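Visitor: Before I ask anything, here is the structure I am working with.
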Amino acid sequence: MDFSGRFRRWRGSLREDPTLLVPLALTVIITVLAFATPSHLYFSRFLAVAPAFAASVLPVVRTVTIGVLAAAIYVVIALTIGQREPPQSHLFTLAMIAGVTAAAAYASHVRQQREQALADVRSVAETTQKVLLRPIPHRLGGLDIDALYLAAAAQARVGGDFYEALETAHGVRLIIGDVRGKGLPAVGTASAIVSCFREAAYDEPDLARLARRLDVSVSRYSTLVPGDQLECFATALLVEIPHDGSAVEIVNCGHPSPLLFRAGAVREVTPTAPSPPINMGALLGQDYHIDTVRFAAGDHLLLYTDGVTETRDHTGAFFPLVKHAGRWDADAPSRLLKQLHRDLVRYSRDRLDDDIAAIAVRAAATTTSAA
C-alpha cells in the first residue's frame, strides 16, 4: 500500500481545511481533562462528542477510527482512574460511544453522498458557464476588451445574464443582456440567445436585422418550453464597431444605457427611439432602432446588466453608477472593470443581490476619429 502517498494527500487536505483536525483535537482535550480533574466529574464520557463531530468533516472510515480511538482511550481511563465506578457504568459509556460512532458513520456516509451530488451539479454548471460565458479575447479587431461576471451567491455559477463578442466582416459585434427570471429557465433562454447571436452575427448586414433574428429565434424557443411564452424575454444591448473604429452602432432592446468615457467625462448613451426587448417585438409591434455614436481613439464604452444599477446599500439606495464612474481612471478596460467591481462590493458591503455582467471596450490609440 502506498502509505506515503496517502500521507501526502492527508497533509494536503489538512492544509486546505484545518477543521479536519478538530475531532482529533477534541479527543485529546477531553482525555487531558479526564486525567487532570477528579474522576467524579466524568469528563471521559464526553469522548462520544469526537465521533459525532467527525461525521460533519471526515469520511466514514476516519469517523469510525475516531470512534474506536475514543473507546480505547475510555478503556484506559476506566482501568486507571475510573476503578471506583461500577462495571455497569463503564459498559454503558462504551455502548454510548459505540452507538454514537455508528450513527456518526451513517451521517458521514449520507453527507458524502450529498457532497458528491452537489459536486456533480457544480460540474455541470461550470461546463454550462464555459459554453454560455466563454472568455472574451482581450484584443479583438483592434479593440481592447474585457469582461466581468459576478454571481449574486458565492456558490452560483450561471444565471440569466449573458454576453458575447465576435469579430465579423461587419466589424466587432457585441451583445450583453439579462433574461427575465432566474434558474434553469433563464439559463435556457440565455443560451438560445447567445447561440443564435454566434451564428447570426456573421450573416446579418446590420444590427436591426440581427435583433429581429434574435427575436424570432427566442420566440421559436419559447414555444418549445413549458410556461407562459410572454414570460420568456430578455433585455439586451447589441453593439457594432466597424473596422475603422470611427463610430459605434447600438441597438438598445430595453436595456440599461451604456456609458461612454471620453476625455475624463462620462455620459449615458440613451436611445433616440425605443426598441423592444428580445421576444417582445412582434407583441409590441415595434421595430429595432440603430443609434450611431462617435467612438474616438481612447474612448471607452461600458456595457452592463441591471444588476449594477440595482445594487443597494444598507439603506436600500441604488448604486449611483454615473457618479462613481466619473471618479474612475479609464485607462484600460481591465482597470475600468476592477474599479466597478471594487465600488459595487464596497457599496453593497459585499452583499450583491443579483448577478452582474459587464463589458468594457476601448477604441485603439491608432483609431482615426470621425465627427
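The values are calculated or read from the model by the stated rules, or taken from the named source; none is laboratory data. Bear in mind the structure is a predicted one, so any value in this text is a computation, not a measurement. Note: ideal-geometry Cβ built from the backbone for every residue, glycine included; neighbour counts use all protein chains shown.
Visitor: Quick one: is Val172 modelled with pLDDT of 90 or more, more than 25 Å from Asp354 (Cβ to Cβ) and either assigned to a helix (DSSP H, G or I) or in contact with a Gly (Cβ under 8 Å, 6 or more places away or on another chain) (or both)?
Guide: Yes, satisfied.
Visitor: All but one of (1) under 19 Å from Leu143 (Cβ atoms); (2) more than 21 Å from the chain's Cα centre (by Cα); (3) part of a strand (DSSP E or B) hold for Arg267; which doesn't?
Guide: Condition (1) is where Arg267 drops out.
Visitor: Of all residues in region 177-206, which are of a type in the set (Gly, Ala, Ser) and crowded, with 21+ Cβ neighbours inside 10 Å?
Guide: Gly177, Ala186, Ala190, Ala192, Ala201
Visitor: Anything in region 195-216 that is under 27 Å from the mean Cα position of the chain (by Cα), in contact (Cβ under 8 Å) with a residue 24 or more places away in the chain and under 18 Å from Met280 (Cβ atoms)? List them, or say none.
Guide: Answer for region 195-216, where residues must be under 27 Å from the mean Cα position of the chain (by Cα), in contact (Cβ under 8 Å) with a residue 24 or more places away in the chain and under 18 Å from Met280 (Cβ atoms): Phe197, Leu214.
Visitor: Here is a list of conditions, (1) within 13 Å of Leu24 (Cβ to Cβ); (2) part of a helix (DSSP H, G or I); (3) in contact (Cβ under 8 Å) with a residue 12 or more places away in the chain, and Thr65 meets all of them except one; can you say which number that is?
Guide: If we test Thr65 against (1) within 13 Å of Leu24 (Cβ to Cβ); (2) part of a helix (DSSP H, G or I); (3) in contact (Cβ under 8 Å) with a residue 12 or more places away in the chain, just (3) comes out false.
Visitor: Quick one: Leu224 ticks every box in (1) surrounded by fewer than 17 Cβ atoms within 10 Å (Cβ to Cβ); (2) in a helix (DSSP H, G or I) except a single one, so which number is it?
Guide: It is condition (2) that Leu224 fails.
Visitor: Test Ser219 against the criterion of being buried (at least 17 other Cβ atoms within 10 Å of the Cβ), over 26 Å from the mean Cα position of the chain (by Cα) and either modelled with pLDDT of 95 or more or part of a helix (DSSP H, G or I) (or both), and give yes or no.
Guide: yes
Visitor: Let me ask you something else. Go through Ala34, Ala52, Ala104, Ala70 for me and flag whichever is touching a helix residue (DSSP H, G or I) at 6+ places or on another chain (Cβ under 6 Å), assigned to a helix (DSSP H, G or I) and modelled with pLDDT under 85.
Guide: It is Ala34.
Visitor: From Ala263, Ala192, which residue is free of Cβ contacts under 8 Å to residues at least 60 places away in the same chain and out of contact with any helix residue (DSSP H, G or I) (no Cβ under 9 Å at 6 or more places or on another chain)?
Guide: Details: Ala192 fails: out of contact with any helix residue (DSSP H, G or I) (no Cβ under 9 Å at 6 or more places or on another chain).
It is Ala263.
Residue-by-condition table, conditions (1) out of contact with any strand residue (DSSP E or B) (no Cβ under 6 Å at 6 or more places or on another chain); (2) more than 28 Å from Pro242 (Cα to Cα):
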position: Leu321; (1), (2): yes, no
position: Ala330; (1), (2): no, no
position: Leu336; (1), (2): no, no
position: Tyr347; (1), (2): yes, yes
position: Asp354; (1), (2): yes, yes
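Visitor: Follow-up question, since we're still on this one. Please count how many residues of region 175-216 are touching a strand residue (DSSP E or B) at 6+ places or on another chain (Cβ under 7 Å) and assigned to a loop (DSSP other than H, G, I, E, B).
Guide: So the count comes out to 3.
Visitor: Residues of region 327-343 being exposed (fewer than 13 other Cβ atoms within 10 Å of the Cβ) and among the acidic types (Asp, Glu), which ones?
Guide: Answer for region 327-343, where residues must be exposed (fewer than 13 other Cβ atoms within 10 Å of the Cβ) and among the acidic types (Asp, Glu): Asp329, Asp331.
Visitor: Now for a separate question. Which is under 28 Å from the mean Cα position of the chain (by Cα) and either in a strand (DSSP E or B) or in contact (Cβ under 8 Å) with a residue 12 or more places away in the chain (or both), of Pro276, Pro256?
Guide: Details: Pro276 fails: under 28 Å from the mean Cα position of the chain (by Cα).
Result of the check over Pro276, Pro256: Pro256.
Visitor: Out of the residues in region 291-326 that are touching a residue at least 60 places away in the same chain (Cβ under 8 Å) and within 17 Å of Thr235 (Cβ to Cβ), which is surrounded by the most Cβ atoms within 10 Å (Cβ to Cβ)?
Guide: Ranking the candidates gives Thr305 first.
Visitor: Write out, first by first residue and then by second, each pair whose Cβ atoms fall under 7 Å of each other, whose residues are 6+ apart or on separate chains, and whose first residue, in region 335-348, is closer than 17 Å to Asp144 by Cα while the second is not hydrophobic (A, V, I, L, M, F, W, C).
Guide: Arg335/Asp329; Leu336/His300; Leu337/Asp146
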